[in-house]
Every structure is written in structure tokens, then in C-alpha cells.
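A short write-up of the structure that comes next.
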Amino acid sequence: MIVLGIHMGHDSSAAIVKDGEILADVQEERFNRVKHSADAPIQAIEYCLEVAGLKNINEVDYISYSWLNTSQKMKALLGFEQEDSNTLKDKLFSQGKKLLGRSAETLVPPIYFPDFKLKDKSKFVNNEHHLMHAASAYYTRDNNEKCLIFTCDGAGDNVSLAVWQGEGNTITALEKFDGYTAGIGWAYSIVTEGLGWIHGDGEGKTMGLAPYGDPEKCKGVLDKYFPKFDGKNLVKKSEFGLATHWMQRGSNQFHFEEAYEVAELVEKYGREHIAAEAQRKMEECLITYIKGWCKETGIKKTAAAGGVFLNVKLNQRLWEQKEDALDEYHVYPNPADCGLAVGAALNEYYKHNTFTGKKIEHLYLGPEYKNEDIEKLLKIRKLKYHYSEEPWKHAAKLLSENKIIAWFQGRMESGPRALGNRSIVMSPIHPDNKNTINAYVKFREGFRPFCPSLLHEKADEYLSNYKEELFMITSYTANEKNKNSIPAVVHADGTLRPQMVKKDLNNRYWNLINEFGNISGKYIVLNTSFNVMGEPIINNPMEAIRCFYNSGIDALFLENYMICKDESLAPA
Ligand SMILES: [Fe+2]
């Protein structure tokens, strides 16, 4: 059975599942190069069909969609009949159609789009947005035992927070709130906007700034935006005005008036203290609510997805509740809307097949490029290059000389984290390296942390009170003994957001870290995504070369090829 999952909206994406295996999952932004793109994911769909060996969309068994309603645009793409709609966006389409003298039934996609017309309309399934978040978390667990699934985001299908029960093959809704009742994600986004960053993108900056502040300096000033829970019971609603619709970077910008209010608080109390208070409130809401549900139901196995669970500090705090509340806490490692395509595909697949547990082990689900194509490209670019059977050996030597390298290997990662296939890598040993990467490559705000990749078997040396973490989705406290020896990857609050690298899951990246460890004694590297700030992660070798020459990266490793700006860095 082959199921194609499609999400169109903030972070449009497509994924394909065959016989229970996720064969491919990719965001449209990686192809059209617009971060968080909400375009129709046509290139992502084409890629998924290609990976599954299909020539036509009609060869799939089901198409599972991430929304309850199908937009006019998606209907046109799939060749569906289009009834009149009352949404503003669809009215604009209708006006266009009237001007052209066409009837509502004949809106067609641009002529240069691929043909995705579906002959058997019954193959297309609409789904509730938050249920697809829940499915991404539940169907990537290692077991099918009874668990509580928590989903929390800005809003989707008029829900912003929900709790579900998963058991065996089924996921059942237990409680749902809209964004005006329990808008935890919206409240955090309002603060992010008040700090001057874009909703749906800048929340990670708020989280990165928070450890520099002290919530006690402004405790309570953000209370009205957040809901309040007593155990699992809501005792106070969120307080906002109506949302404003202003499309920016694939996302509707909400609650401008409240964002201006927050900007005044920022002026009064200081940026870092407001960020710290937002983080405190968000954690307080979700920890109280989740623990409340665990206590009331006696179910201690939990899973989570939705954009709010990108917050690695929240995930750490929840994991730390394991003593008295949570036995199991599984976050889908691509939890924001870009993970909905996988959720949708798995949800439909397990309507027809038995789920017994299938742990997700990697996110290397995007395009890959062959050595011969890379060599061809390097020749066309008239670049001097070097070939090696074991590129990690020279790369590790350069890392030990404190050079910045770009590491492009295998299939591109899905989700927002580079996990060693589209990564910029540097030594974590020198305290200045965070500033060096920022000054020469990433051009990010100085307060944002950089994160490490380390050998799975060496986790004990660098972390304390941790569990296996393959995806950089949870932070942990750094091991006291060794934290001062890797200052470039330890955040202001003494935490790390690690990726533990297993040899059987990424042999080349494991080799790179291992070689670096053999030279330096540290089996850990600084790993940041291969892109500059504001751009999607690199997909293909051409973009890699462009980014290499548009930044201060010293050497670029493209599969078995290597190029450098200073030939003294070339292998002997
Ligand atoms: Fe969502």
C-alpha cells in the first residue's frame, strides 16, 4: 500500500509511505528556496512519486491531506470540482475567474504545473489538522501501548491545544481548545512579534534569548495572554483580540495590537526578561496540563507534536517530570506543520494496517546527489577539486585546525535541523567558535546557541540526566565534568541540545566525529544547518557551492569531493 501525504500551508510539504516505511518527506521550501513556503508542494510531490518509483499520482492508493477542508487551489491542482466558497482567498480566485469569463468549475492550475489530476476522487482523504500532528507522534513510537498524545501549535482547523488517546491502531480525541481559549502557541508568538521577530519563524530566537533573562524581573506581566490550568482543568482563558490576517513568510500574522503592547513591556523590562517570562509561562501551562492529564487518567506514556514542541527547553522540562508523572515522552522530531505530511500518510496507512510500534530512527528522507553529478558540476564551475575515498579523515584534520567546514553527504534531512548531511561543522573546543561561525557564516544573533553532534556511545561524557536523542529535539544539562572543555556548544543556562550519532544510521558523519575525537580527544562537534540566516537548508550541490562562496566557510565536502578557497588546506 502506498499513501501520499500532503500538507499545504505554512511549511508546505509532501511525504510518501509504502508498506509502513516512510520513503520520502520533504518541504517545498527546499526546492523553491522560500523559507516556510506555503506554495502548493508540487516539487515535493514529484520528488515523493519519483522515490516510490511512480510515474503518475494516480498510482498511489490514497492521498491523505492535512486539513478538514480542501482549498480551491488544491482542488484545481487535483482536478476536483470547485463549488463557490465564502473565504476571502477563494472569492479573489472567483473574481479572477469572472474576469476571464470562466465558470467556477474551470479554475485550472498554471500551465507549467505537473499534471496531478486524480481520476479516482475517493482516493483523496481530508483530515483534521491536529489529528495529523497526533498521528505523526503516535505512529513513530516504538510501541502501540495506551498513551496520551498532546498537540499544541498556533492554530489549525480552529484548534490550538488538544489531547488524544492512542492505543493499538486508533487515536481518539479527549479534549480540544481553540486559540482564543487556550492559545499557548499564539501567546508565545505574540511575545516573539513584540520582540520584533516574525511569527512562525522567530520563536526559536525567543527561546534562545530566554536563558539570559530573569523571569522574576517581570513575573506576571504576560499572564493575560496565556491560559491558566489547575491540573488538567482550564481556570482562565487566553485574552486576545481577534486575529489579523496578514500573510508574511507563509504564515498569517496574528494579534498586532497585542504585539505592540508586548513591545512596550519589552521597552520597560528588557528583552531578555520578557523572553524568559514567556518561556516560563509556556512551560508552566503545558507542564501543568500534561501532568494533570497523566494524574487523572493514570496513563504515564506520552507523545507530542505541533510547532510548540519544537521548543527544546519545554521538552527537557517535560522529560524531567519522568520521576513523578511521565514514564515515556516521545516528541515527533519534525513536530511543526512540515511534519504533517508524514502524519497524514501514516494515519491513512494505519487505517488499513496493524500498528504494533515502529520507532522513527532517522530523518534522511530528502534528495541525494551522486559523485558523478557533483564532479560534472565542479568541472562546469571550473573549480579545483580533490577526491578522497575517506573524506572524513581530512575533514577531521581541518576541524582540529579550527577551520569551518561544510559537510554535504547523502539524503537531505526533513525538518528544521541539519543532522550531519547538510551541516556546517566546527570544533566545539574554542570558546570563540560561536562568534566565529556567526561572523563568517551564519550572521545570526549572538545570543543564539549552537548545538553539538556527538557519538552515541560517548553521550555519558557530555550529558547528564538524558535519554537517547537522535534529533536535537530536547535539550539536556551538560555533564559538569566536561562542559568547560566544549564551550562553543553549551548554552548560557548550561544545557546542550544534542544529536547522538549512531554508526549504523550515519556512517560517514560518525566517522567524521570519531576521527575528530581521535585527534582532539573530544568525540563531539559543533553542528549547524548548512545555510545562511533566513534561507532554507541547502538541498543540492549547486546551492552548496553558492553558499560556500557567499560565506567564510573554509572547505566544502561534497560526497567524496572537496573544494577549498586556500589551496594550503587541500589534502597533501
Ligand atoms: Fe499545526
ARG381 neighbourhood, Cβ < 14 Å, K/R = +1, D/E = -1, net charge +3
When the convex hull of its Cα atoms is projected in every direction, mean area for the chain (nm²) | 26.0 nm²
Step through the residues of the stretch 120-127 one at a time and calculate ³J(HN,Hα) from phi using the Karplus curve (6.51 cos²θ - 1.76 cosθ + 1.60, θ = phi - 60°), rounding each to whole Hz and writing x for Gly and Pro.
-> 9, 5, 5, 6, 8, 10, 7, 9
At 37 °C and 0.692 mPa s, the Stokes-Einstein diffusion coefficient in µm²/s for the stretch 207-350, with hydrodynamic radius from the Kirkwood sum on alpha carbon pairs, is 192 µm²/s
Using alpha carbon centers only, the stretch 547-572 is separated from the stretch 302-353 by a whole-angstrom value of 38 Å
Which percent of Cα-Cα pairs in the stretch 356-474 sits in each 5 Å bin, short to long?
-> 2, 8, 14, 19, 21, 18, 10, 5, 3, 1, 0
So, by mean Cβ neighbours within 10 angstrom, what's the order for 141-149, 526-534 with the highest one leading?
-> 526-534, 141-149
Taking H placed 1.01 Å from N in the peptide plane, check which residues at least 5 places from PHE124 or on another chain put their amide H under 5 Å from its amide H.
-> ILE63
According to a simple spin-label model (label point 7 Å from Cα along Cα-to-Cβ), what is the distance in nm between ASP493 and ALA173?
-> 3.3 nm
Value of Rg to Rh for the stretch 416-572 (Rh from inverse mean 1/r over Cα pairs, i.e. Kirkwood) = 0.94
From phi via Karplus (6.51, -1.76, 1.60), per-residue ³J(HN,Hα) for the stretch 370-375 in Hz, x at Gly/Pro = 7, 3, 5, 5, 5, 4
Alpha-carbon centroids, the stretch 173-217 and the stretch 1-27: separation in whole Å = 28 Å
Computed [θ] at 222 nm, deg cm²/dmol, the chain (DSSP H ≥ 4; -39,500 (n - 2.57); rounded to nearest 500) = -9000 deg cm²/dmol
If you count the DSSP beta bridges with both ends in the chain, what percent of them are antiparallel, to the nearest 5?
-> 70 percent
Surrounding charge for ILE57, neighbours by C-beta under 13 angstrom, Lys/Arg +1, Asp/Glu -1, total -1
What is the packing order of peptides 414-425, 201-212, 118-129, taking the mean over residues of other C-beta atoms within 10 Å and listing the highest first?
-> 414-425, 201-212, 118-129
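Read-outs: derived from the displayed coordinates by stated rules, not from any lab. All figures in this text were calculated on a predicted structure; none of them were measured in a lab. Note that we place each Cβ from the backbone using ideal geometry, even for glycine, and neighbour counts take in every protein chain shown.
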